[in-house]
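The values are calculated or read from the model by the stated rules, or taken from the named source; none is laboratory data. For clarity, every value in this text was computed on a predicted model and none was experimentally measured. A quick note on method: Cβ atoms are made from the backbone with ideal geometry, for glycine too, and the neighbour counts reach across all protein chains shown.
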Amino acid sequence: MTSPWLRRPLTVAGVLVAAVLLLAALPVWVPVAVAVDAVRGRWRLPVLRLLAFALCWSWLEAAGIIVATVLWCIGQAGNLRAHFALQRWWARNLIAALRVTTGLRIDVEGADRARGGPFVALCRHASLADSLVSAWVFGSLAGLRPRYVLKKELSLDPCLDIVGRRLPNWFVDRGSTRVAREMEGIEQMARGLGPGEIAVIFPEGTRTSDAKRHRELARLATRHPERHARLAGLVRLLPPKPAGSAALLAAVPDADVLTVWHTGFDGLDTFGGILRALRRPVSARVVVEAHPRATVPAGEDFVRWIDGQWVRMDGVVDAGMSAMADDAGGA
């Protein structure tokens, strides 16, 4: 559904109906979820926890839609300050809901490195939570105003669709053959980035998986043998796609660069994966690393630089995930 006039009535109605039904049916689904978890011997109640978060998400989503509608009605649809504040409120409260309902603990290292700006952030992508977590880290912890390169499929989230398109974000059409147009859109989104602002991109382009990694490495072996030689040892991350990141950096020549990696969110890319993860205490680590712009090259040297960063991050992510697996096995 490319037209917002067709998409938004359906997605907004869907969220509002879900919020009302989940709340009205609370006395029904709570005991049913507990019974389902108990029968399966899952004493951390993952089904109940996931449904509880769904209830919180639907009402926070509905609240965001209502506030965005009020802003439009009073002629403030173009008020960037109000919409950045709404985005910050939405991300902060969704993180709080995750903590309360799922017990998720997130340890963040290096948020103080994202002070001042402007910045371009190159972030690892592994789960459904990545955009939310980065919005919370950059918006609430670092006090920045984030702009995003997002995939257009996220338009199915009505709050992201409405508020996200009022803010200076770019929704990428990953299936488009007009690559130059997408790069121009990314550059245009980042132009004018100043102090207190950050442009965020996920260079892998999609959530990681073993199948995707093997496919991307096979593609590189055919099309870019030099890059394949550098990246063939990846075991956790996907090979980065450098074009979008390079476009951001070209648009903001004075921006420093942040790389962001995390452990603990892997496997949270499907509802089945989330349910499996909720069978035990869930914790995550997010690390923000700073790179002065003078240390980040341009052109082909940038491709080698980002490949090197991804190889390095792959190593620390693999070590962290292996340690987490050992801890879980010993528990």
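Quick look at the values:
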item	result
Residue identified as in contact (Cβ under 8 Å) with a residue 24 or more places away in the chain, more than 20 Å from ALA126 (Cα to Cα) and hydrophobic (A, V, I, L, M, F, W, C) among VAL282, VAL296, VAL287, VAL260	VAL296
Subset of the range 236-278 (residues that are closer than 21 Å to SER209 by Cα, assigned to a loop (DSSP other than H, G, I, E, B) and not small (Gly, Ala, Ser))	ARG236, LEU237, LEU238, PRO239, PRO240, LYS241, PHE265, ASP266, LEU268, ASP269, THR270, LEU278
Single residue of the range 186-231 satisfying the filter (of a type in the set (Val, Ile, Thr) and assigned to a loop (DSSP other than H, G, I, E, B)) that is surrounded by the fewest Cβ atoms within 10 Å (Cβ to Cβ)	THR206
Any hit, the range 133-145, residues being charged (D, E, K, R) and in a loop (DSSP other than H, G, I, E, B)	no
Identity of the residue in the range 285-303, assigned to a helix (DSSP H, G or I) and of a type in the set (Val, Ile, Thr), that ends up surrounded by the fewest Cβ atoms within 10 Å (Cβ to Cβ)	THR295
Helices (runs of 4 or more DSSP H) (entirely within the range 1-109) containing at least 1 residues that are aromatic (Phe, Trp, Tyr) and within 19 Å of ASP157 (Cβ to Cβ)	4-24, 46-73, 80-102
Pick from the range 161-181, criterion in contact with a Phe, Trp or Tyr (Cβ under 8 Å, 6 or more places away or on another chain) and part of a helix (DSSP H, G or I), ranking: farthest from PHE84 (Cα to Cα)	ARG165
Some residue of the range 304-320 being surrounded by fewer than 16 Cβ atoms within 10 Å (Cβ to Cβ), more than 26 Å from ILE95 (Cα to Cα) and touching a helix residue (DSSP H, G or I) at 6+ places or on another chain (Cβ under 7 Å)	no
Selection from the range 85-103 of residues that are over 16 Å from the mean Cα position of the chain (by Cα), crowded, with 19+ Cβ neighbours inside 10 Å and touching a residue at least 60 places away in the same chain (Cβ under 8 Å)	LEU86, THR102
Any hit, the range 11-18, residues being modelled with pLDDT of 95 or more, surrounded by 18 or more Cβ atoms within 10 Å (Cβ to Cβ), out of contact with any Pro (no Cβ under 7 Å at 6 or more places or on another chain) and within 19 Å of LEU98 (Cβ to Cβ)	no
Filter result for the condition that a residue is free of Cβ contacts under 8 Å to residues at least 24 places away in the same chain, not hydroxyl-bearing (Ser, Thr, Tyr) and not in a loop (DSSP other than H, G, I, E, B), over GLY308, GLY315	GLY315
Tally of residues being within 30 Å of ASP173 (Cα to Cα) and in contact with an Asp or Glu (Cβ under 7 Å, 6 or more places away or on another chain) across the range 12-57	1
Hits in the range 110-124 (condition: surrounded by fewer than 22 Cβ atoms within 10 Å (Cβ to Cβ) and either in contact with a helix residue (DSSP H, G or I) (Cβ under 8 Å, 6 or more places away or on another chain) or within 20 Å of CYS159 (Cβ to Cβ) (or both))	ALA111
